[in-house]
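The values are calculated or read from the model by the stated rules, or taken from the named source; none is laboratory data. Owing to the predicted nature of the structure, the values given are computational and were not obtained by experimental measurement. Note that we place each Cβ from the backbone using ideal geometry, even for glycine, and neighbour counts take in every protein chain shown. Surface areas here come from the heavy atoms of the whole protein model, side chains and all, with no ligands, DNA or RNA. Shrake-Rupley method; radii C 1.70, N 1.55, O 1.52, S 1.80 Å.
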Amino acid sequence: MNGQDRAEDGFVITPIGFVRCAGRYRFEAPRQGVFAANAGVIELREGCRYEEAAADLAGFNRIWVLFVFHLNQTWNVRVAPPVAPPGRRIGVFATRSPHRPNRLGMSCVELEKVDGRRLHIRNFDLLDGTPVVDLKPYIPRADAFPDAAVGWLAEAGAENWRVEYSEQFLAESAFIASIGGPNLHNFCEVQLHHAPLDRQRKRLYETADGIMEIGCRTWRVRFAADAARQWIRVLEARSNYRPEELLPDAPDRYGDLPVHRAWREFLQKQGKPNT
């Protein structure tokens, strides 16, 4: 058997480390790292001398991270990226969709510092537990081609909405995150800047008073939208549970009733309705 035959049989790739960060769910992953505002760590595996292999990354401002989309199990020939032209599905190899045959991804992230087996990174589109399979330095003169043609993306156009937050929502989202709930502020940053009113991709609801709501697991976020100005103001957070579903003997299907009960107590202390 020659080397080519063995290559055609496939390869075994073992993670060199894992991402540790606050984002855990798919909806928390930014479309690209450039749209993120987060921080985390790539923790390299122990006993492999990876800390020596990574030591000279110190001094690089950015690195390429090759990783596995560990939350995906299948792939699609054609996909509908968030920025695709309306009604058009794109061949997966012409996208950065996670629905790929080998589930491999690559991301250019900011490197803050190298601390032994821990690489501190910022502004990335990775989630907690993401297996990292390789690291490479980003070299601007070799990796940047700003004048390169962008294929179908030229047809897509840019639709970036301005998103503002009320002080009430900022306080509420900070409290929910502090008691173990999702980071609703980050959720809004990911979901509302591009095509926020796309009902095919997002769990959207319109209330009787014309205010919109978007679902985030067992929570909802209320917001006002002005399509003509491409402007959104996020107003407040809401629990998606009814009062009877928060009773002590209620079944805890998603394992988050204690968080919602704490949220209800938080509202009661502030004299607000249990929304």
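Overview of results
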quantity: Identity of the residue in the stretch 252-261, closer than 23 Å to Asn186 by Cα and more than 22 Å from the chain's Cα centre (by Cα), that ends up surrounded by the fewest Cβ atoms within 10 Å (Cβ to Cβ); calculated: Pro258
quantity: Given (1) at pLDDT 95 or above; (2) open to solvent by 40 Å² or more (accessible area, probe 1.4 Å); (3) within 27 Å of Ser178 (Cα to Cα), number of the condition Phe35 does not satisfy; calculated: (1)
quantity: Any chance Tyr241 is among the aromatic types (Phe, Trp, Tyr), more than 21 Å from Ile179 (Cα to Cα) and either in contact with a helix residue (DSSP H, G or I) (Cβ under 8 Å, 6 or more places away or on another chain) or open to solvent by 60 Å² or more (accessible area, probe 1.4 Å) (or both); calculated: no
quantity: Residues located in the stretch 102-161, provided they are among the hydroxyl-bearing types (Ser, Thr, Tyr) and touching a helix residue (DSSP H, G or I) at 6+ places or on another chain (Cβ under 6 Å); calculated: Ser107
quantity: Residues of the stretch 181-232 satisfying the condition of being among the hydroxyl-bearing types (Ser, Thr, Tyr) and either touching a Phe, Trp or Tyr at 6+ places or on another chain (Cβ under 9 Å) or under 21 Å from Ala22 (Cβ atoms) (or both); calculated: Thr218
quantity: Top-ranked residue in the stretch 150-168 [being open to solvent by 80 Å² or more (accessible area, probe 1.4 Å) and in a loop (DSSP other than H, G, I, E, B); ranked as modelled with the lowest pLDDT]; calculated: Ala158
quantity: Exclusive hit being part of a helix (DSSP H, G or I) and at pLDDT below 95, set Arg141, Arg100, Arg96; calculated: Arg141
quantity: Some residue of the stretch 154-163 being touching a Pro at 6+ places or on another chain (Cβ under 7 Å), touching a residue at least 24 places away in the same chain (Cβ under 8 Å) and among the β-branched types (Val, Ile, Thr); calculated: no
quantity: Selection status of Arg201, charged (D, E, K, R), modelled with pLDDT of 90 or more and open to solvent by 40 Å² or more (accessible area, probe 1.4 Å); calculated: no
quantity: Selection count, the stretch 164-199, where residues are touching a Ser or Thr at 6+ places or on another chain (Cβ under 9 Å) and free of Cβ contacts under 8 Å to residues at least 60 places away in the same chain; calculated: 3
quantity: Any hit, the stretch 42-56, residues being open to solvent by 90 Å² or more (accessible area, probe 1.4 Å) and either at pLDDT below 85 or touching a helix residue (DSSP H, G or I) at 6+ places or on another chain (Cβ under 9 Å) (or both); calculated: no
quantity: Identity of the residue in the stretch 57-76, within 27 Å of Lys113 (Cβ to Cβ) and of a type in the set (Phe, Trp, Tyr), that ends up least open to solvent (accessible area, probe 1.4 Å); calculated: Phe67
quantity: Residue ID - modelled with the lowest pLDDT, chosen from residues in the stretch 1-29 that are over 16 Å from Val132 (Cβ atoms) and surrounded by 10 or more Cβ atoms within 10 Å (Cβ to Cβ); calculated: Arg6
quantity: Every residue from the stretch 96-117 that is surrounded by 16 or more Cβ atoms within 10 Å (Cβ to Cβ) and in contact (Cβ under 8 Å) with a residue 24 or more places away in the chain; calculated: Pro98, His99, Arg100, Arg103, Gly105, Ser107, Cys108, Val109, Glu110, Leu111, Val114, Arg117
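Residue by residue, here is whether (1) of a type in the set (Asp, Glu); (2) in a loop (DSSP other than H, G, I, E, B); (3) surrounded by 10 or more Cβ atoms within 10 Å (Cβ to Cβ) holds:
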residue	(1), (2), (3)
Ala208	no, yes, no
Glu213	yes, no, yes
Arg222	no, no, yes
Ala237	no, no, yes
Ala250	no, yes, yes
Trp263	no, no, yes
